[in-house]
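Here the structure comes first, spelled out in structure tokens, and everything after it is commentary.
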Amino acid sequence: MLPRFISTLVKVAVASLIVGTILDHFGLSAGVLLKEIGLTPERLAELARHALAWALPNVLLGALIIVPIWFVAYLFRPPGQSSD
């Protein structure tokens, strides 16, 4: 599973690099595109901070329930059974 995930990340990174290069060739930048949709880099960073401030406590709260359940299920899994 992990090699497939890494492969997907590499493909997304290469595709993003290609599209970014093409957009840069036509004179478009992240700043120009953000300005077109009415955002500034500072506002985007603020939105990201707010999203993280909301998501992190909820993820931790959910992990307090999910991780112990997963661990117990892992312990009681029959021997030799693969998770794949």
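Can Glu36 be described as modelled with pLDDT of 90 or more, at negative phi and either more than 23 Å from the chain's Cα centre (by Cα) or surrounded by 10 or more Cβ atoms within 10 Å (Cβ to Cβ) (or both)? It would help to see each step written out before you state the result.
Values: modelled with pLDDT of 90 or more: no; at negative phi: yes; either more than 23 Å from the chain's Cα centre (by Cα) or surrounded by 10 or more Cβ atoms within 10 Å (Cβ to Cβ) (or both): yes.
No.
Residue-wise test of (1) free of Cβ contacts under 8 Å to residues at least 40 places away in the same chain; (2) of a type in the set (Val, Ile, Thr); (3) under 24 Å from Leu2 (Cα atoms); (4) not in a helix (DSSP H, G or I).
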| residue | (1), (2), (3), (4) |
| --- | --- |
| Leu28 | yes, no, no, yes |
| Leu34 | yes, no, no, no |
| Glu46 | yes, no, no, no |
| Ala51 | yes, no, no, no |
| Leu61 | yes, no, no, no |
| Val72 | yes, yes, yes, no |
| Pro79 | yes, no, yes, yes |
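The values are calculated or read from the model by the stated rules, or taken from the named source; none is laboratory data. All values reported here derive from a predicted model rather than from experimental measurement. Every residue, glycine as well, gets a Cβ built from its backbone with ideal geometry; the counts of neighbours run over all protein chains shown.
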